[in-house]
Ligand code: NAD
């Protein structure tokens, strides 16, 4: 495939890099199989402990220099990374689609998010503002500044193999930090491709070796970062199970973690909804990326007066979905990431039935021509109870649960009554309903939308969620503060030294 060569991807790839330099990785290798056609795309070396030691030492050294470079100059390097990504958008988007299984349009969209965060970070590089305060002491000035933090560890999930890294790394870079990225072991080649793309920019700008590092490996490699005192911030995206493990390790050493974990997102479809709009939002939210987005719509809470008619529209729309090769733009739904994900999907369907769920669109695994990878499944819809254990669980697959409500208070209670708190939406033309949903008594999620589905994010807004989603906020708004340390400075330009709180200390 042409895009692999364009991105420097070979059959065998070294898996560890400190920017421009590559190391093979001494802990064996990971094979990357495409869920699109079941083919082996390539192999990537895995970092061993000695590779890790070398990377962290190089990153620590790079930090000493990088933190002293003025932020707008760091921003200029990020601007050029954005340009390099623009030039490789088609190739990188194609690889993301082929390695992860999302549609080509979504693969390209993911690279566009990377470009957008570069633009955002460039502007930010001139806006890392601190406040100044009025001191209570005469001839004193008090202000705060934001300093670079150090080494930022980035652990990413398979479903956004490249964008999540850039959300973190581009902000961290303008903030004066250095990064060590541990990509998902399910999508290592997309990470290798990113490293190739940025290497030329790092070279051209004489960026110290170690500012942007990558270490491929599995959970154990992530655990090394979590336990390492030299990593003041660990940003981890993935399952709640992973987040709980990482958070405990980082907290035990009093480090900072930034967690972006699982979601269980709902749309409330009001009787005052524009039902055509609600249909599009629900459909894309539930089946886009084959239900493998953290913001995927997993629950529809529908007003009883429109329940039957909306269900009917939905069932009809599911009947028209085309499932197949995601690189073919006429298909709507691609494969799940691997056979384990297919098994988790089948187990969830069985559990739903056991718990009394009733499927109005049946699921199943597809076989035959075009489905040889064994990873293509049918998006399905079940009527279920809000409290069913399976409804309370995030299954990373296209299974949509329908439930009925009669009052908005009841709908909001159902929406909030899950362990996760990432994204939520209400479809309504009624101002009172919309405002109540967005109020303190409304949605408890990090993202709450009106007349837009739950899925997707836009650079500029802070992205993340509450409860078991982990509480982190990335990408937009003031998320940059995660990557810096705040220092309060007081300067006495007078001739006296008045002590705080009026304390006298006469000799
Ligand atoms: P996962 O938790 O299996 O793996 C994510 C990453 O964590 C991988 O790089 C993995 O190697 C690493 N890892 C796993 N266990 C670890 C441990 N104990 N210590 C250190 N590292 C460890 O998740 P996944 O299957 O790749 O991704 C799907 C999950 O990610 C879903 O739950 C989804 O909702 C979530 N997700 C959340 C967001 C968000 O922004 N909230 C975004 C994307 C994905």
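The values are calculated or read from the model by the stated rules, or taken from the named source; none is laboratory data. Remember, it's a predicted structure, so these values are computed and weren't measured experimentally. Backbone-built Cβ (ideal geometry, glycine too); neighbour counts: all protein chains shown.
As for the range 427-443, it holds no residue that is crowded, with 24+ Cβ neighbours inside 10 Å, in contact (Cβ under 8 Å) with a residue 40 or more places away in the chain and within 16 Å of the ligand (Cβ to nearest atom). When 199, 193 are checked against the criterion of being surrounded by fewer than 20 Cβ atoms within 10 Å (Cβ to Cβ), within 22 Å of residue 95 (Cα to Cα), in the same structural domain as residue 79 (by TED's automatic domain parsing) and more than 10 Å from the ligand (Cβ to nearest atom), a single residue qualifies: 199. Annotation: residue 449 fulfils all but one of (1) surrounded by 11 or more Cβ atoms within 10 Å (Cβ to Cβ); (2) at pLDDT 95 or above; (3) not in a strand (DSSP E or B); the unmet one is (3).
Per-residue answers, yes or no, for (1) in contact with a strand residue (DSSP E or B) (Cβ under 8 Å, 6 or more places away or on another chain); (2) assigned to a helix (DSSP H, G or I):
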{"position": "337", "(1), (2)": "no, no"}
{"position": "347", "(1), (2)": "no, yes"}
{"position": "360", "(1), (2)": "yes, no"}
{"position": "400", "(1), (2)": "yes, no"}
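If you check 289, 297 for being under 19 Å from residue 348 (Cβ atoms), touching a strand residue (DSSP E or B) at 6+ places or on another chain (Cβ under 6 Å) and surrounded by 24 or more Cβ atoms within 10 Å (Cβ to Cβ), only one passes: 297. Consider residue 489 carefully, then state whether it is modelled with pLDDT of 95 or more, over 25 Å from residue 134 (Cα atoms) and out of contact with any helix residue (DSSP H, G or I) (no Cβ under 8 Å at 6 or more places or on another chain). So residue 489 does not fit the description; no.
The residue of the range 216-234 that is nearest to residue 46 (Cα to Cα), among those that are within 19 Å of the chain's Cα centre (by Cα) and more than 8 Å from the ligand (Cβ to nearest atom), is 216. Among the residues making up the range 409-426, those that are more than 30 Å from residue 323 (Cβ to Cβ) and buried (at least 21 other Cβ atoms within 10 Å of the Cβ) are 411, 412, 421.
Restricted to the range 243-263, and to residues there that are surrounded by 20 or more Cβ atoms within 10 Å (Cβ to Cβ) and near the ligand (Cβ under 9 Å from one of its atoms), the residue that is nearest to residue 303 (Cα to Cα) is 263.
All of 142, 133 fail the test of being without any contact (Cβ under 8 Å) to a residue 12 or more places away in the chain, in contact with a strand residue (DSSP E or B) (Cβ under 7 Å, 6 or more places away or on another chain) and over 13 Å from residue 234 (Cβ atoms), apart from 133.
On the stretch given as the range 231-268, residues that are on the phi > 0 side of the Ramachandran plot and in contact (Cβ under 8 Å) with a residue 60 or more places away in the chain total 1. The selection criterion, being farther than 21 Å from residue 32 by Cα and more than 16 Å from the ligand (Cβ to nearest atom), holds for residue 351.
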